[in-house]
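Q: Dropping the structure in here first, questions after.
The values are calculated or read from the model by the stated rules, or taken from the named source; none is laboratory data. The structure displayed is predicted, hence computed values, not measured ones. To get the accessible areas, we keep the full protein, side chains included, count just its heavy atoms, and leave off ligands, DNA and RNA. Shrake-Rupley method; radii C 1.70, N 1.55, O 1.52, S 1.80 Å.
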Amino acid sequence: MRNAMKNGDVSFWFADMGGLPGYRAPLPGDIDVDVCIVGAGFTGLWTAYYLKAANPGLSVAIVEKEFAGFGASGRNGGWCSGGFSWNRSKYLSSGTRDGVIGFERQLRATVDEVIRVCEAEGIDANIRRTDCLTFACTPAQMERLRAEQADDMAWDVPESRSHLIGAAEAAARIRVKDVQGALVTGGVARVQPAKLVRGLAEAVARKGVAIYEQTTVTGISKGRVTTHCGTVTAHRIVRATEGFTHGIPGNAREWIPLNSAIVVTEPVPEAMWEELGWTGYEVFGDASHAYCYAQRTQDNRIAMGGRGVPYRFGSKTDFNGETQAETVEKLKDILYRMLPQTRALALDHAWCGVLGVPRDWCTTAGLDPKTGIGWAGGYVGLGVSTSNLSGQTLADLVLDKGTERTTLPWVNRKPRKWEVEPFRWLGVHGMYWLYNLADRREAARGGQRTSRLATLANRIVGR
């Protein structure tokens, strides 16, 4: 008899590690440090790691409401992609073409850097170098991939990083139903994200960083982080809260928490892997407007993710990773549509989490020299690798070091705030309603042309 599917409990990745971790002690009272970091996810931990690497004598404290990796860092799809979050040309408002190209080059380098640190620190995060395949299952989707690859070439992306393959070669990689071709993104890695974030937390703790969990931040101001346990006084402060930034007083409209959800199957039998042809452990998605993302896990399951219910009114977040039944059904439908060979598989686990989305959908990192407060986030789903560059960049900014990183066009970029409710709820839900409608219309018309509704959706929210 099959066990019932588990929903929530943060994520499958922690179940894969034997269960949720215990809590570190909370802040013991008022303290004084050189640097205080708010948030013990990838951004905060990478920042602490590079600060201690540059200056081992620096006193660094991290305050965290739950436990290290509770948020997106321990729930994501496990793509260490070194990728660009969105439209490159948007960064020209805060930099040059050469700067944007340099930014993307540094993003690609984060994959090697994450692997280097894991090897140096003995972090076993089930990392496997592979490719990312974005499949086209209709002519319209294939045309979008051609446009995307042409844009890559126009921005000097190496062909080893971005190239198209036809239907036969794509099907030989993974036998996706109705495949027309795929965009291959090289130089990526699959990871077990909870193992990575927990291993990184242990690494920074060994270097003398104090991590205070069960500590709720109630305010951030120049030189002070107030919590329900006491006050941290610090020369420099880093806000590393990404999708939970709205919960910090004064930041309710800074970045909205966009929902993403994932389901994981039971272990896949070897005969089914032979049917699927999925031997390279590639991560993959599709070129539909309401896209999906997937990986083959270390223990031979399929993890499939997508947006589900994209945004909760008033920027509310989930409870302990629990997701809606309708979202589970949508993700199951996507899995069975793309890989009908898997219809006999049961789902073992489902969960959701939030990612931070700025109003212009562009990632940012920076530090205000007047207040000494830094920040990074707005990764729009590509935080596993981008957070590593955030950590390197924030360390430079905190230490007042002028480097190539600190001159990149994402640094100190501050988009306008999101609208008040109900307008942002209407905007985000309207966008995804139009995306889904565009996909249905394309399918009804044989998938020959891209629906203009998708363009309208992008205009609504400035994507």
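Q: With every atom except the alpha carbons ignored, what do you get for Rg and Dmax of segment 132-189, in angstroms?
A: In Å, with Rg to one decimal and Dmax whole: 11.0, 32.
Q: May I pose another question? Straight-line reach only, C-alpha to C-alpha below 16 angstrom: list the lysines that Lys6 could link to, leaving out same-chain residues fewer than 8 apart.
A: Lys332
Q: At 1.4 Å probe size, with every protein chain present, just tell me what the per residue accessible area of segment 348-413 comes to in Å².
A: 25
Q: How would you classify segment 62-178 from its alpha-carbon gyration tensor, with a ≥ b ≥ c the square roots of the eigenvalues: rounded for a/c under 1.5, else prolate if a/b is greater than b/c, otherwise oblate?
A: Since a/c reaches 1.5 but b/c is at least a/b, the shape of segment 62-178 is classed as oblate.
Q: Could you tell me which of rounded, prolate or oblate describes the chain, using a ≥ b ≥ c as the square roots of the eigenvalues of the alpha-carbon gyration tensor, with rounded for a/c under 1.5 and, failing that, prolate when a/b is larger than b/c and oblate otherwise?
A: In terms of gyration-tensor shape, prolate.
Q: Something else about it: Given a 1.4 Å probe and every protein chain left where it sits, what share in percent of the accessible area of the chain is carbon and sulfur?
A: 51
Q: Right, another one. Please work out how much accessible surface Ile460 shows to a 1.4 Å probe, ignoring ligands, DNA and RNA, in Å² rounded to 10.
A: Accessible area, nearest 10 Å²: 70 Å².
Q: What list of ³J(HN,Hα) values in whole Hz, one per residue of segment 345-354 in order, does the Karplus curve 6.51 cos²θ - 1.76 cosθ + 1.60 (θ = phi - 60°) give from phi, with Gly and Pro shown as x?
A: Each residue's phi maps through the Karplus curve to give 7, 8, 8, 9, 7, 9, 6, 9, x, 10 Hz.
Q: On to the next question. Under 18 Å Cα-Cα from Lys417, which lysines qualify once same-chain neighbours fewer than 8 residues away are excluded?
A: Candidates past the 8-residue exclusion: Lys90, Lys316.
Q: Looking at the chain only, what percent of DSSP beta bridges run antiparallel? Nearest 5 please.
A: Taking every DSSP beta bridge within the chain, about 70 percent pair in antiparallel fashion.
Q: Working out 0.36 nm times the residue gap between Arg441 and Glu326, then minus their Cα-Cα distance, what length gain in nm do you get to one decimal?
A: Full extension from Arg441 to Glu326 adds 39.2 nm.
Q: List, in order, the whole-Hz ³J(HN,Hα) value for each residue of segment 307-318 obtained from phi through the Karplus relation with A = 6.51, B = -1.76, C = 1.60 and θ = phi - 60°; use x for Gly and Pro.
A: Per-residue couplings from phi come out as 7, x, 7, x, 7, 9, 3, x, 6, 6, 10, 6 Hz.
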